[in-house]
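For reference, the structure discussed in these notes is given below.
The values are calculated or read from the model by the stated rules, or taken from the named source; none is laboratory data. It should be emphasised that the depicted structure is a prediction, and the values quoted were computed from it without experimental measurement. Heads up, the Cβs are rebuilt from the backbone with ideal geometry, glycines too, and the neighbour counts pull from every protein chain shown.
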Amino acid sequence: MAKPLALTLGEPAGIGPDIAIAAWLRRTELGLPPFYLLGDGDFIGMRAKALGVEVKLAEVRAEQALDIFADALPIVATGIAAQGGTARVLQFDVRDRAACREHALANFSAKRMADNYEELYKKLVSL
């Protein structure tokens, strides 16, 4: 019997979680082989809600994923909760592109990032 694929989500603030959710929703239509996600079930639930889709999730052990795949998106918990920037990204209304762009420009411009790195470097050198 074939084993299910293990998928990591990549950067939580990226599109990996969204692609994984969409793939599971279209699993039958696309004829996808069974897979499970390695990650945080609460985070996947929040992403599904932000996308406006209902996804039945099931935290399982890897060997249980094959049995549950048809009825629920299997998730093997890594014990690492998605936090930090990812949680802040989820607070935005994704339909408000202007607010997202403004936030990104204010917090992730080349100047801001360089200033932050320089500040961190100075702290490290002074230790």
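With (1) among the small types (Gly, Ala, Ser); (2) loosely packed, with under 15 Cβ neighbours inside 10 Å; (3) not in a strand (DSSP E or B) as the list, and Ala20 as the residue in question, which single condition is left unmet?
Of everything listed in (1) among the small types (Gly, Ala, Ser); (2) loosely packed, with under 15 Cβ neighbours inside 10 Å; (3) not in a strand (DSSP E or B), Ala20 misses just condition (2).
Every residue, every condition in (1) closer than 11 Å to Ile75 by Cβ; (2) at pLDDT below 95; (3) of a type in the set (Phe, Trp, Tyr), yes or no:
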residue	(1), (2), (3)
Ile15	no, yes, no
Pro33	no, yes, no
Asp40	yes, yes, no
Gly45	yes, yes, no
Ala50	no, yes, no
Val55	yes, no, no
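If the Cβ limit is 9 Å and pairs must be 6+ apart or interchain, which residue in segment 113-127 that is closer than 22 Å to His103 by Cα pairs with which residue that is in a helix (DSSP H, G or I)?
Between residues of segment 113-127 that are closer than 22 Å to His103 by Cα and residues that are in a helix (DSSP H, G or I), the close pairs are Met113/Asn107.
Listed residues Ile75, Ile15; which is more than 28 Å from Phe108 (Cα to Cα) and either of a type in the set (A, V, I, L, M) or surrounded by 14 or more Cβ atoms within 10 Å (Cβ to Cβ) (or both)?
After applying the criteria, what remains is Ile75.
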